[in-house]
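First the structure, in the form of structure tokens, and then the observations on it.
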Amino acid sequence: MPLHRSPVIETLLILLTAQYQQRASGQCSGIATNPVGASSCAAYAIPDSGIATLDLQHKYSLGELIDIGERNNPETRAAWERAKQQAKVLGIEKSEYFPVLAAAALFGDQRVVQPFPKPLSPVGYSVVDLALIQPQIELQYLLFDFGGRRARVDAAKAEAFAAGALFIKTNQNVAFMISARYYALLTAQERLQAARDTLTTARTTQEAAEARLANGRATLPDVLNARAEAAQATFDLETADGDEKIARVTLAEVIGVKPPPDISIDGEVNAPLPKALTSSIEELISRAFADRPDLVAQMLEIRKADDEIRNANSDYWPKMTLTANAAQTSGWPSEVQPPGQLGQFSKPTWSVAANVEWTVFDGGARRNRKELAESGKREALAHYRDKQNQAEREVWSSYIAFRTALRQHEAALALLGASDTSYSSSLEAYKFGVKNLVDVVTAERQLALARLSMVAARSQLLTEAVRLESVTGHLLRGLPPATTTQGK
């Protein structure tokens, strides 16, 4: 059952994390926030094969949509199965620490012909029929192989944990895509509202022009100009309405559900906006290097390469195995030629052997396997350095983008206030004949642009805050956020 949490959400990251973990407790993506936990959960949990449907009467929060997306997006399902497969490979490798015990049973009937001296057998041979039953238990166990078995288990463990880390990374990527599409829909809805407000403004201007024309204080071209602005606002409204519907379909697509055109979101109108960073760029890069799941996965690939080198080195040393079997052998022999009777038997039989195998020459196979493993490690190190550089570039880009979004939001807020005041003043002056219609239309257009700029700036600020958490590897993991909000 979902846990009930406080409705007071102080930061954007806490909002995402709390809602997501609250509703995703029944799946690996909700409870596994580290590679070990993700691998362990994926080993036993099976993703739901059904496809979720949305309640069109419910207003979904971002956290709820992320939860649905984590369960239904094909990428998370595939990553979950890959983590499960690698966890099972680890289980297979660990089984080498246990003996192989097999039960077998032999049921046979054979006739044997053997030469025999004629003084003892007139025909010079004997023919014996033997009916045989032999149930047995066989045991095989690897006693010692100079660390090869341990290296194989460690390599499989590193691979399983790497798959768990990539599973977390896939969840984060999907969560970010859902967040971006969510804010895109929110932006489209706010643009639609801005278009409605602009149409209202244009009609107000048109009404003022027509009133002045009726009083003989305006010309017909002024009225036609105002009507053209209203018509343009109507056109923009229809365009914004279409964009909003497309944004709904796009959000449904990334969640992994059928695209209902009437999906509803809560909008988070009163959610606090980020206002500053909590860490320097150096600290953010350090956080990314330490916590990004893709970097953790690549480090585990390096560890796996080391284990494969250890396994290759073990091929140069002998291996000792223990084999044993115990059986109950029962037989009923009879001599056919010359006719005679032989004694029946039913006795326990067994054998135990310790085998030492040491490959002296294999045509260079061991050397090639070792060189292959060493080359794999160098490749893994190169990939790790490349991923580090990529992570650093992404953190820098997100850092700059977030600071830019902060300044853009502040500028858009000031622009909206100034434009609203300018339009109101211009319209009032026009009504009293102080200004002409061109001044009013110019102020009207500036107000429309200011409204759109404010919508875009707010959406961009929220998106960049989530992106910053994503590129530092903290998205949905309940770690301290990289940003503070206006409520702090």
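GLN57 - would you say it is in contact with a strand residue (DSSP E or B) (Cβ under 6 Å, 6 or more places away or on another chain) and either without any contact (Cβ under 8 Å) to a residue 24 or more places away in the chain or surrounded by fewer than 13 Cβ atoms within 10 Å (Cβ to Cβ) (or both)? Walk me through it before giving the result.
Details: in contact with a strand residue (DSSP E or B) (Cβ under 6 Å, 6 or more places away or on another chain): no; either without any contact (Cβ under 8 Å) to a residue 24 or more places away in the chain or surrounded by fewer than 13 Cβ atoms within 10 Å (Cβ to Cβ) (or both): yes.
Spelling it out, it is not the case that GLN57 is in contact with a strand residue (DSSP E or B) (Cβ under 6 Å, 6 or more places away or on another chain) and either without any contact (Cβ under 8 Å) to a residue 24 or more places away in the chain or surrounded by fewer than 13 Cβ atoms within 10 Å (Cβ to Cβ) (or both).
Where residues in segment 203-223 are in a helix (DSSP H, G or I) and of a type in the set (Ser, Thr, Tyr), which of them is surrounded by the most Cβ atoms within 10 Å (Cβ to Cβ)? I'd like the intermediate steps shown before the answer.
First pass over segment 203-223, keeping only residues in a helix (DSSP H, G or I): 203-214, 220-223.
Keeping just the survivors that are of a type in the set (Ser, Thr, Tyr) gives 204-205.
Values: THR204: 16, THR205: 26.
Restricting to residues being in a helix (DSSP H, G or I) and of a type in the set (Ser, Thr, Tyr), the top hit is THR205.
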Residues that are buried (at least 16 other Cβ atoms within 10 Å of the Cβ) and touching a Ser or Thr at 6+ places or on another chain (Cβ under 7 Å), drawn from segment 142-165: LEU142, ASP145, PHE146, GLY148, ALA151, ALA160, PHE161, ALA163, GLY164
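Every residue, every condition in (1) surrounded by 16 or more Cβ atoms within 10 Å (Cβ to Cβ); (2) within 30 Å of ALA312 (Cα to Cα); (3) in contact (Cβ under 8 Å) with a residue 40 or more places away in the chain, yes or no:
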residue	(1), (2), (3)
GLY364	no, yes, no
TYR384	yes, yes, yes
ASN389	no, no, no
ARG403	no, no, yes
GLN408	yes, no, yes
LEU415	yes, no, no
Condition broken by ALA382, with the remaining ones in (1) more than 34 Å from the chain's Cα centre (by Cα); (2) modelled with pLDDT of 95 or more satisfied: (1)
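When you go through ALA32, ALA24 one by one, which is the residue that is under 13 Å from the mean Cα position of the chain (by Cα), crowded, with 16+ Cβ neighbours inside 10 Å, at pLDDT below 80 and under 20 Å from VAL174 (Cβ atoms)? Give the derivation first.
Working: ALA24 fails: under 13 Å from the mean Cα position of the chain (by Cα).
Going through ALA32, ALA24 in turn, just one is under 13 Å from the mean Cα position of the chain (by Cα), crowded, with 16+ Cβ neighbours inside 10 Å, at pLDDT below 80 and under 20 Å from VAL174 (Cβ atoms): ALA32.
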Long-range neighbours under 8 Å by Cβ, at least six apart or interchain, first residue assigned by TED's automatic domain parsing to the domain that holds VAL471 and closer than 30 Å to ASN173 by Cβ within segment 291-315, second of a type in the set (Phe, Trp, Tyr) and surrounded by fewer than 20 Cβ atoms within 10 Å (Cβ to Cβ): LEU295/PHE289; LEU295/TYR384; GLN298/TYR384; MET299/TYR384; GLU301/TYR384; ILE302/TYR384
Residue count, segment 310-358 (criterion: more than 26 Å from LEU106 (Cα to Cα), in contact with a Pro (Cβ under 9 Å, 6 or more places away or on another chain) and at pLDDT below 90): 1
Failed item in (1) under 30 Å from THR201 (Cβ atoms); (2) loosely packed, with under 13 Cβ neighbours inside 10 Å, with ASN368 passing the rest: (1)
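The values are calculated or read from the model by the stated rules, or taken from the named source; none is laboratory data. What you are looking at is a predicted structure, and each value in this text was computed from that prediction instead of being measured. For neighbour counting, all protein chains shown are included, and Cβ atoms are generated from backbone atoms with ideal geometry for every residue, glycine included.
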